[in-house]
Amino acid sequence: MSQSSILDRLSALDTNTVSDALDFLGLKGATYGLQPLWDCPKIVGRASTVKLGPKTDAAPTTHLLTPVIDAVTTDDRILVISGGTDGVSCWGDIIANASKVRRIRGTIIDGMSRDIDGSRDVGYPVYGRGVTMISARNRLVQVDSGIPLQMRGVTVNQDDYVIADRCGTVFVPAERIEKVLDYGERIDRRQNLMVQAVRAGHPVSEVMHDTQFEAIREGTASSKVAAAAPSDGNTKESTLLPTVATPAPTNGNPKKASAEDQELVALFADTDTPAVSDALDKLGISGQAFGIMPLANYNKVTVGPAFTVRYVPASDPPGSVGDFIDNVAVGDIVVIDNGGRTDCTVWGDIMTQYAGIRGIAGSVIDGVCRDVTCAINNDYPLFTAGRWMRTGKDRVQVGDVNRPIGIGKVRVEPRDIVVADANGVVVVPRDRAREVAEVARRVEKSEAGIREMIAGGATISEAREKLGYHTLQRKE
């Protein structure tokens, strides 16, 4: 098979699907922590490996990476750089421009980049651990190139295949690429059928049953769930999810919000998490979920009662990973305690699709999610400790539902009120919700008055003194 054909097939997939294919084959390749350093596009190509190390003498050297960039003669290369140091850059805008000229497709750094705006301005994709302003000059040097590297626990050889997108970075051994592509395409076709079944209203507990995933491996038919889409012409794959004649209703969630749920949610409809956080502080309540952040810069506030889920390490044989969602009511927020694990996800595109159909308000996860493009494009609110592409299937399973859990160092009881926005997530004990909402409104009113006084010419100290700003969050 030609290299262009292989790269075209790989480009048609995403990191989630490739990670799943590696799992099926028992291969390592998914890395955690190598994320896009600007809102760059997906990149797919072959690895040109570079190893960096500390500079140990004062002798002048060629700038790191420049020999490798100058040596590139084909348009399928991705620079894969190991040996970076936290806080020290090993990438910048000048070498980004040089790489763009050489038609290099992008750079993956197990390290940091500076001048990231320069890379973005020329449209050059950079993935890595983070950004910094500190130069590598006299701190790092190029040790070697074209050799095997360790990238976040994964061995990467020269000419291995690379795919990177919003969920992270995956490396595929060159000698296994065709097998990985075969499995990846099979997984992709099957998951598309599963999404269509979910859109048609079929219970996700059936759509995501373990037998449906095992059918990918076995290539055998399964009759437990029906897809709502006609055959795409691929008889073998389509029969894995047979078509049914009677479509399920859309927006057919029979579990409706109670009158009290609606009342409590309405109390926080016109507030935001900073005001609620201040109210919690004033009342001496711990409710700010540490480290749980929005997937996107949401412009609205998401409010709902907590439907709590606790995940535990998988048993043998492994248990369910997502059936609970059939029991979540309209307007609820799914709150998942995965113990802060970042090595496997507990939420993906099928769950996102189904949650939207069921009228679920959003999801909060002390752990990671994947298939983030689906959630962002569908404007489904997700608040997590991060993102990664590796599935939680056979790694974790549901331990408890609607029991007390912990999220970002905060205890969450079932039906507590969750308020989440671009600033993060706060949890309000249900029995204190009215009290917290009243204090939050007073906080917002005082701050609005301060802003109005400042706009009218008052100094900030005058405005704060008059409206009691320094006592707004003080514990009563």
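Observations
- Listed peptides 298-304, 446-452 by packing density, highest first (mean Cβ within 10 Å): 298-304, 446-452
- For the pair Q3 and R442, label points projected 7 Å from Cα toward Cβ lie 7.0 nm apart.
- With a Förster radius of 45 Å applied to the beta-carbon distance between T155 and S286, the computed FRET efficiency rounds to 0.55.
- Local net charge near K100, Cβ-Cβ under 13 Å (Lys/Arg +1, Asp/Glu -1): +2
- Vicinal HN-Hα couplings computed from phi for segment 407-416 (Karplus, 6.51 cos²θ - 1.76 cosθ + 1.60; Hz; Gly/Pro x): 10, x, 6, 10, 6, 10, 9, x, 6, 4
- Counting only DSSP beta bridges with both residues in segment 259-436, the antiparallel share comes to about 55 percent.
- The Cα-based radius of gyration of segment 85-200, divided by its Kirkwood radius, gives an Rg/Rh of 1.07.
- The antiparallel fraction among DSSP beta bridges confined to the chain stands at about 55%.
- Label of the coordinate-derived value, volume of the Cα convex hull per residue in Å³, listed as (i) 135; (ii) 179; (iii) 152: (ii)
- Overall dimensions of segment 358-454 as given by Cα atoms, namely Rg and Dmax in Å: 17.1, 58
- A simple spin-label model places pseudo-atoms 7 Å from Cα toward Cβ; at A296 and E465 they are separated by 4.6 nm.
- For q = 0.20 Å⁻¹, Debye-computed log10 I/I(0) when each Cα of segment 60-144 counts as one equal scatterer: -0.87
- Here's how it looks for T169: its modeled amide H is under 5 Å from those of T31, L34, which are all 5 or more places away or on a different chain.
- Cα Rg, Dmax, segment 6-183, angstrom units: 15.3, 51
- Protection proxy ranking, peptides 383-396, 1-14, average beta carbon neighbours within 10 Å, highest first: 383-396, 1-14
- Pairs of Cα atoms nearer than 8 Å and 6+ residues apart set the relative contact order; for segment 259-436 it is 35 percent.
- Once the chain from N327 to N402 is taken as fully extended at 0.36 nm per residue, the excess over their C-alpha distance is 26.0 nm.
- Here the sum of -39500 (n - 2.57) over DSSP H runs of 4 or more residues, divided by the residues of the chain, equals -9000 deg cm²/dmol at 222 nm, to the nearest 500.
- The accessible area of S461, taken with all protein chains in place and a 1.4 Å probe, comes to roughly 80 Å².
- Using C-alpha pairs under 8 Å with a sequence gap of at least 6, the mean separation divided by the residue count of segment 60-125 gives a relative contact order of 38 percent.
- Kirkwood-Stokes translational diffusion coefficient of segment 259-436, alpha-carbon pairs, 37 °C, 0.692 mPa s, µm²/s: 206 µm²/s
- For the chain: accessible area per residue (Å², 1.4 Å): 43 Å²
- Sorting 369-375, 167-173 by their mean Cβ neighbour count within 10 Å, with the most densely packed peptide first, gives 167-173, 369-375.
- Beta bridges by DSSP in segment 6-183, antiparallel share as percent, to the nearest 5: 60 percent
- Relative contact order [Cα under 8 Å, 6+ residues apart], segment 6-183, whole percent: 35 percent
The values are calculated or read from the model by the stated rules, or taken from the named source; none is laboratory data. What you see is a predicted model; the values in this text were computed from it and never measured. Note that each Cβ is placed from the backbone with ideal geometry, even for glycine, and that neighbours are counted across all protein chains shown. When the accessible area is computed, the model is the full protein with side chains, heavy atoms only, and any ligands, DNA or RNA have been set aside. Shrake-Rupley method; radii C 1.70, N 1.55, O 1.52, S 1.80 Å.
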